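First the structure, in the form of structure tokens, and then the observations on it.
None of the figures in this text is laboratory data; all of them are computed from the coordinates on show. Predicted model, so just to flag it, every value in this text is computed and none were measured. Note: ideal-geometry Cβ built from the backbone for every residue, glycine included; neighbour counts use all protein chains shown.
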Amino acid sequence: MNWHNVWTVFAKELRDTIRDRRTLISTLVLPMLAMPLILLGVGSVAYKSFAKAQAEVPQVAILGGESSPAVREALAAHTKLAVVPAPEGWRQQIADKQLRAAVEIPNGFDAALARGEPATVRIYHYDGELRSGLAVSEVRRFFGAYRDKQVAARLAGRGLPASFVKPFDVRTENVAPPEKVGGNAIGGLIPYVFILFCFAGALYPAIDLTAGEKERGTLETILCSPVGRTELVLGKFLLVLTASLVTVVCSLASMGLSALFLQHLASGGALAHGAVAGAGAAPTLPRIDPLGLLAVGALVVPVAALFSSLLLALSLFAKSAKEAQSYASPLVLVVLLPAIMSLLPGVELNARLALVPVLNLSLVSKELVSGVWNWWHLALILGSSCLYAAAGLAFCVRMFNRESVLFRA
Amino acid sequence: MIEVEGLTKLFRNGRRAEVRAVDAVSFACQPGKIYGLLGANGAGKTTALRMLATLLQPTAGAARVAGFDVRTQPGKVRARLGFLAAGTALYGRLTARETLAYFGRLNGLSDRQISTRVQKLATDLNMGDFLDRRVDTFSTGMKQKTSIARTLVHDPEVLIFDEPTLGLDVFAARAIRDSIRECRDAGKTIVYSTHVMSEVEKLCDVVGIIHRGRLVAEGTPAALKARFAADDMEEAFVSAVGNEPEVAA
Ligand SMILES: Nc1ncnc2c1ncn2[C@@H]1O[C@H](COP(=O)(O)OP(=O)(O)OP(=O)(O)O)[C@@H](O)[C@H]1O
Ligand SMILES: [Mg+2]
């Protein structure tokens, strides 16, 4: 093995790649732009529509209850609801999102309350629609308060304390450190980003350096130089690995920056208007253990190496870049499957799953960013990933030594 | 020096069909001589030369290039060989100078050796105008000159040219042939494959006629013409291959 040759090949491929605008766009520009666009775009649209929905006083139709003026008056006096008489075809209007919900007061509601008889109030709504849901919550809140008032009056009438109907209180309190809360919410997302960009970053250079060279006729030129096949593969592999890792780092950096920006926007901006004061604290970003993130980064390297070598070998088999693309595109699904599986509830890391490539990374990154360090699992994952990467590289070298692959008729 | 002994190459196309692209070919080329390999399309020229360049493994037979076996010492063979074929294109995003430096480095030349070598090749091949331009802006002739320089950058003792004048105009083709003659005069061993009869007469010292993978005749152009009682190489070639047109390649 002549490392000088490996370096020479790598340096040349690097220069060649940097001069290729398409590779630059796919490895640097797209991931850098994609993350902020996704986060800011989706985030701000979701935030705006939510804020708008919350600021809206929902229109709620009232049905029946002509014989119960007390509850009707109380409803009409509730400022957070715009109560209207039920129009013709109110069901359709709810479905058409012109009306948020409808409340049906049963006949003789006031009287039933006075006699202490049971009564049922019905709420009609659009299940799953955000603004209808908000209206329903508001109506429920109103009736909850209305019921509490009735209960308090009844208790007072019988001379009983409030604790009579509420003998004890139940309260929940979060004791997990903020990182762990973040770990579960964001930890599931981080491996996605790592794995997807790791793959995407390797894809284009891998195709360009193999099938692309075949297509342009430069593969035969380099093969008839004295450089050894293993040296050639290593040089190319290092370039693809570099591209993959650069893509991951870029996308992560831009994701971090846009998340910070989003947080700044949320805490200092619109939320301060008090439009959603009732919604609780501003949605602060869950804190992530930076050391854990670093460890995830380290574990990504062998996975990137595995992707790089497999993509190189696969696209070397193709005769043209187009053919290589058609082989590699379905792989995205194969790669994403473990990442999705790791999001399933109940799928937790164990020694057996620590040996499953890609899935182990998804699972462990959930733990790592929440500050959980299971050294035995980490060693298993690192060891097995390195083994897979080495096997991938060996396979790649084998492919580069097969003339039926290099000179496919 | 190239010695070829019973060289054979079988390609398996699909499950059954076997193509005997090169069939028990034997020949030798001496230093300071140009050996012309003349054959129609699909005759097996490129396959034979790729085996000499260690790009393909022979199915049977042996070949020694500059004293090294193509099967067991491929790295040593390639270090002493310059190979130029229709399939050996240049990197479009590198300049001519960078291309030469890259192949020089892979051949173990130092940076100083590379710069003097590039200077000499650029002068010899008249490449000064485009030495620092990117190859993808080149004309076919500029590209071929750069390819020749790439082939010669490590000053190899054996040179293999597979149809190097393909697609070139008269002047570019002449320039290429001139530089190949200079290589011969410098004592290199040269194999030159072509299907152009006139080139063989102008350039080659010894000619081997290859047909359906087999070497059917060999000799100096004059000897071949005499042997087949032909006025020119074309007549001699047609007689040698027995008047049958090549099967579709
Ligand atoms: N990689 C390959 N796989 C299968 N068959 C091949 C392969 N390469 C060449 N052949 C076959 O071998 C035979 C010889 O081809 P070759 O390219 O050596 O001919 P050639 O003399 O160089 O022709 P041309 O003048 O067209 O360049 C042809 O029938 C061709 O189809
Ligand atoms: Mg050919």
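For segment B:91-154, restrict the atom set to alpha-carbon positions and state the Rg and Dmax in Å.
10.5, 30
Past the 19 angstrom mark, what percentage of all C-alpha to C-alpha distances in segment B:1-121 do you count?
More than 19 Å apart: 57 percent of the Cα pairs in segment B:1-121.
What translational D, rounded to a whole number of µm²/s, comes out for chain B from Stokes-Einstein when the hydrodynamic radius is the Kirkwood one over Cα pairs, at 20 °C and 1.002 mPa s?
The diffusion coefficient I find is 115 µm²/s.
Computed FRET efficiency, Cβ-Cβ of residue B:230 and residue B:19, R0 41 Å: what is it to the nearest 0.05?
Calculated transfer efficiency: 0.85.
For chain A, list log₁₀ I(q)/I(0) at each q in 0.06, 0.07, 0.15 Å⁻¹, using the Debye formula over Cα point scatterers of equal strength and ignoring solvent, two decimals each.
Those come out to -0.43, -0.54, -1.28, one per q.
Using a Debye calculation, one point per C-alpha and no hydration shell, please list log10 I(q)/I(0) for segment A:10-68 at q = 0.19 Å⁻¹ in order.
The computed values of log10 I(q)/I(0) come out as -0.81.
Of B:43, A:328, B:140, which is farthest along the charge dipole of the protein assembly as shown in the positive direction, counting Lys and Arg as +1 and Asp and Glu as -1 at C-beta?
A:328
Quick query: amide H of residue B:211 versus all other amide H atoms, modeled in the peptide plane; which residues come in under 5 Å with a sequence gap of 5 or more or a different chain?
It is B:216, by chain and number.
Suppose the chain between residue A:74 and residue A:130 were pulled fully straight at 0.36 nm per residue; how much longer would it get relative to their current alpha carbon spacing?
Contour length minus Cα-Cα distance gives 17.6 nm.
Which aspartates and glutamates does residue A:97 reach when only Cα atoms under 19 Å apart count, and residues fewer than 8 places away in its own chain are ignored?
Once the sequence-local aspartates and glutamates are set aside, what remains near residue A:97 is A:56, A:88, A:127, A:129, A:138.
Write down Rg/Rh for segment A:53-164, rounded to two decimals, with Rg from the C-alpha atoms and Rh from the Kirkwood relation over Cα pairs.
Checking Rg against Rh, the ratio lands at 1.02.
Please give the net charge around residue A:14, taking every other residue with its beta carbon less than 13 angstrom from that of residue A:14, where Lys and Arg add +1 and Asp and Glu add -1.
0
Starting from 0.36 nm per residue, how many nanometres of slack lie between residue A:374 and residue A:44 once their C-alpha separation is accounted for?
115.1 nm
Return the ratio Rg/(2.2 N^0.38 Å) for segment B:53-143, where Rg is computed over Cα atoms only.
This ratio for segment B:53-143 stands at 1.28.
Could you work out how far apart the two model spin labels at residue A:325 and residue A:192 are, taking each label as a point 7 Å from the Cα in the direction of the beta carbon, and quote it in nm?
2.6
Among A:80, A:214, what is the fewest-to-most ranking by other Cβ atoms within 10 Å?
A:80, A:214
What's the exposure ranking of B:98, A:117, B:235, going from fewest to most Cβ atoms within 10 Å?
By the 10 Å Cβ count, ascending, the order reads A:117, B:235, B:98.
In degrees, nearest 10, range 0 to 90: what is the angle between the Cα axis of helix B:96-106 and the longest Cα principal axis of chain B?
The angle comes out near 70 degrees.
For residue A:336 and residue A:21, calculate 0.36 nm times their separation in residues minus their Cα-Cα distance, and state this gained length in nm to one decimal.
Computed gain between residue A:336 and residue A:21 is 110.7 nm.
Check residue B:34: other-chain or 5+ apart residues with amide H under 5 Å from its amide H, H built from backbone geometry?
Those qualifying (amide H under 5 Å, at least 5 residues apart or on another chain) are B:205, B:206.
Treating only the Cβ of Lys, Arg, Asp and Glu as charged (+1, +1, -1, -1), what charge dipole size does segment B:91-154 show about its Cα centre? Round to the nearest 20 debye.
With Lys and Arg at +1 and Asp and Glu at -1, about 100 debye.
Normalise the Cα radius of gyration of segment A:76-136 by 2.2 N^0.38 Å (N = residues in it) and let me know the number.
1.27
Residues with beta-carbon under 11 Å from that of residue A:373, excluding residue A:373: net charge, scoring Lys, Arg +1 and Asp, Glu -1?
Spelling it out: positives minus negatives among the neighbours equals -2.
Hey, what's the per residue convex hull volume over the C-alpha atoms of segment A:340-408, in cubic angstrom?
Roughly 104 Å³ of hull volume per residue.
For helix A:229-268, what angle does its Cα long axis make with the longest principal axis of chain A, in degrees from 0 to 90 and rounded to 10?
20
For a quick check of your reading of the filter: which GluC sites (Glu not before Pro) in segment A:62-108 sit in a DSSP loop and have no more than 14 other Cβ atoms within 10 Å?
A:66, A:88
Tabulate in residue order the Karplus-calculated ³J(HN,Hα) for segment B:5-18, using 6.51 cos²θ - 1.76 cosθ + 1.60 with θ = phi - 60°, rounded to whole Hz; enter x for Gly and Pro.
The phi angles translate into 9, x, 5, 9, 9, 10, 10, 9, 9, x, 8, 9, 4, 10 Hz.
Which whole-Hz couplings ³J(HN,Hα) result when phi for each residue of segment B:138-149 is put into the Karplus expression 6.51 cos²θ - 1.76 cosθ + 1.60, θ = phi - 60°, listed in order with x for Gly and Pro?
7, 7, 4, x, 4, 4, 5, 4, 4, 5, 4, 4
From the phi angles alone, apply the Karplus equation (6.51, -1.76, 1.60; θ = phi - 60°) to segment A:98-109 and give each ³J(HN,Hα) in whole Hz, x where the residue is Gly or Pro.
Per-residue couplings from phi come out as 8, 10, 7, 6, 9, 10, 10, 8, x, 4, x, 5 Hz.
In nm, to one decimal, how far is the modelled label at residue A:67 from the one at residue B:126, with both set 7 Å along Cα→Cβ?
For the pair residue A:67/residue B:126, the computed spacing is 11.3 nm.
Taking chain A as the reference, fit the longest principal axis to its C-alpha atoms, fit the long axis of helix A:130-158 to the helix C-alpha atoms, and give the angle between the two in degrees, 0 to 90, nearest 10.
Orientation of helix A:130-158: about 40 degrees from the principal axis.
How large is the charge dipole for segment B:146-224, taken about the Cα centre, if only the Cβ atoms of Lys, Arg (+1) and Asp, Glu (-1) carry charge, to the nearest 20 debye?
In debye, rounded to 20, segment B:146-224 gives about 160.
Dimensions of segment A:1-124 along principal axes (Cα, Å, largest first)?
Its Cα atoms span 96, 29, 24 Å along the three principal axes.
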